Amino acid sequence: MLRLVKHFLLAAALAVTNAATAAGDMMDPALHSKAKRLADGGLHYLRGTQAEDGSWSKSVGVTALALRAFLESHRGYNEGDGAFITRPVQFLLDHVNPDGSISETNNNRNYNTAVSMVALKATGNPAYDEIIQNSQRFLQGLQIDEQDGYERDHKYYGGVGYGGDERPDLSNAYHALEALKATNLDSADPTWGKALLFVSRSQNNSETNDLEFAANDGGFAYMPEYSPHGGAVSYGGMTHAGLLSLLYAGVDKNDPRLKAAYQWIRANYTVDVNPGAKENQGYFYYLNAFAKAMYAWGEPEVVDTAGVSHNWRNDLAGKLLSLQQEDGSWVNRESGRWWEGDPNLCTAWSVTALNKVVRK
Amino acid sequence: MPSDTWAIPRLIRSPNPVRNGHPIAAGSGVYGWLTVVATVLAGSVPLTLLLPTMEAPAATLVSWSGVALLVSVILGNSVRLRQRPLAPLQVAAQAAASSLLLLTALTWFRQTQATPASMLRLALATAMLAWLVSALVQLFSGHANRQACAGRILLIFALLGLAPLWGGMSMDVLAPSESGAADILIGISPTTYLAQAVEWDYLRSDWFYRATPLGTLRFEYPDFWLSTVFLGFLALAVQGLGAARWRLRPPRSESPFNTSTI
């Protein structure tokens with residue numbers, strides 16, 4: 001009898017603890033349900049715009065992003081669910097090239113390969129392991145280093161570009177690092193160290209950047225000494241991409257680079273615009289990177305520099321709720337740069353962000 | 001003498017600016033030549049000095065091929081250097097040879113790392129553009145005033161070559177990203193054709209990415225070989241038209257000092 005009471009008390013204590021933990025990590029319960037429906041709406045839209053061959057927007061990159069949105073959703077879609085998953089997978093496989101890249105074009109090879117790797121990994125199917133490994137080698141080959149004739153002190157060193165020119169940038173580097181992390185590249189691989197040099201040089205932080213920088217605000221530019229929004233200004237999309245890149249490379253949260261980046265995020269916290277960007281360019285890219293960065297950072301609340309606490313999940317879900325169109329899609333109506341005039345792409349970005357929101 | 005009323009539309013007749021003393025037309029010829037000189041200098045100096053070769057290896061290849069193109073067209077149509085201008089195909093061959101020579105020299109002196117295949121494609125691209133330019137010069141001028149006409153044609157080509165720059169800003173604002181307008185703007189540029197010869201994504205290179213927003217939009221470069229076939233047919237048609245035109249009208253003296261009238 002006593003043992004039974006003990007077991008009951010223990011179980012009750014555990015239940016209370018779990019509930020408290022869940023409540024602490026989770027968002028407003030009503031918003032949580034709405035966020036799931038938002039994601040469902042976006043996925044429904046994507047089902048409707050999917051081509052016969054399973055692709056979206058005739059693009060390997062957009063297809064991979066949309067596929068990832070399905071695979072990581074709260075519905076737990078997988079290849080067993082039907083053609084709407086197997087066809088885009090096959091579309092990606094049909095564009096595997098002998099050099100390991102996964103792309104339909106010589107340009108955008110890095111983006112296409114990186115997001116395809118993440119999508120294929122998300123299927124959980126070991127049949128794609130060899131393709132993924134080859135793609136890893138391709139991305140590592142794109143990284144600028146001594147083999148390309150660059151020394152460590154060059155501003156390009158360690159960076160990754162689009163693939164059709166040598167010019168690297170933080171966005172391409174971030175996607176490449178995300179793919180390498182998702183596909184379990186050895187943490188001791190020198191790729192990470194080289195990438196850290198480039199990522200650090202893209203940060204406006206005098207303490208850790210050995211190049212000239214625009215401002216000492218801890219945020220990130222598009223690449224060393226350049227931002228498409230003027231000079232080398234820091235902006236939201238790249239700052240969250242930079243934070244994620246540092247985390248992927250194994251940098252500790254107490255590292256001055258990460259602390260400076262998070263400080264910038266606190267000082268510029270918003271989900272209404274891409275902070276620092278002209279005409280809200282790259283807004284959905286920003287929301288996607290924001291969600292991933294906040295999720296990876298691991299704290300449910302962000303206290304901005306004015307001392308106001310923000311539940312990032314609530315804020316992001318509420319914002320995406322206000323932006324979703326009647327057909328379930330999202331699109332950037334202020335700027336078509338970086339393909340954000342394409343509803344398939346913006347919807348894929350948004351659903352992937354929502355997948356992070358609803359996940360504990 | 002054949003009558004003036006031949007079948008070819010008036011709009012393609014040479015204005016003959018120097019002999020007729022039309023100041024605007026004469027000025028445009030002079031301006032064209034100034035542009036040619038500036039472009040030659042621009043192609044050879046700033047790109048290779050301001051952008052270290054290492055950061056823009058493909059840019060070096062393309063810019064020097066552009067120089068070879070310009071020099072070949074200039075030399076082929078110069079009345080001061082030769083009694084009779086070179087035929088369009090001769091200019092094309094000259095352009096290909098000088099392009100190959102320059103690229104080989106650059107590779108030899110390790111200014112760039114071009115593969116033989118890319119050098120050959122670039123030489124072919126230079127030749128095709130030189131052929132088309134020379135055929136247009138022949139069509140619009142015959143053998144008279146070829147220098148001024150060549151200057152004007154090259155000016156137009158230079159403007160088309162810069163189309164991604166001057167057209168890029170308006171594309172960002174006016175055209176939806178999926179409209180294909182960006183593809184057209186990029187496709188008409190000779191710079192695109194030369195860049196595709198070496199598979200260089202030039203719109204996303206450092207300098208161009210900063211100078212034009214086109215690199216941030218969705219577009220497709222035209223296929224190099226399809227472009228080559230298209231240019232070949234176009235040059236052939238233009239050359240044929242030019243030959244037919246000047247068969248009906250005897251060529252005038254090439255001397256710039258000739259003041260005789262028909």
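FYI, it's all coordinate maths here, none of it is from the lab. Everything numeric here is computed off the predicted structure, so don't read it as measured data. Ideal geometry is used to build each Cβ from the backbone, glycine not excepted, and the neighbour counts take in all protein chains shown.
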Inset, instruction - Of the listed pairs A:181/A:292; A:34/A:259; A:121/A:319; A:36/A:360, which have alpha-carbon separations greater than 24 Å here? - result: A:34/A:259; A:121/A:319
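Mind sorting A:310, A:74 by how few other Cβ atoms lie within 10 Å of their own Cβ, fewest first?
Working: A:310 18, A:74 15.
Neighbour counts put them in this order, fewest first: A:74, A:310.
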Inset, instruction - List B:186, A:132 from most exposed to least, where exposure is judged by having the fewest other Cβ atoms within 10 Å. - result: A:132, B:186
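Order these by the 10 Å Cβ neighbour count, fewest first: A:360, A:319. Intermediate values should be presented prior to the final figure.
Values: A:360 8, A:319 17.
So the ranking, lowest neighbour count to highest, is A:360, A:319.
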Legend entry - Partner aspartates and glutamates for residue A:278 [C-alpha distance under 17 Å; skip if fewer than 8 residues away on the same chain]: A:334, A:340, B:172
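Report the relative contact order of chain A, percent, no decimals, based on alpha-carbon pairs under 8 angstrom and at least 6 residues apart. Intermediate results must be reported in sequence, preceding the final value.
Working: 634 pairs, mean separation 66.7, N = 360.
Relative CO of chain A lands at 19 percent.
Could you work out the mean count of beta carbons from other protein chains within 10 Å of each residue's beta carbon in A:103-109? Spell out each step's value before the answer.
Working: counts 0, 1, 3, 5, 9, 3, 1.
Mean inter-chain Cβ contacts per residue within 10 Å come to 3.
Could you work out the local net charge near residue A:132, counting Lys and Arg as +1, Asp and Glu as -1, over the other residues with Cβ closer than 13 Å to its Cβ? All intermediate terms of the calculation are to be shown ahead of the outcome.
Working: positive: A:121, A:137, A:181; negative: A:129, A:130.
Charge balance in the 13 Å sphere: +1.
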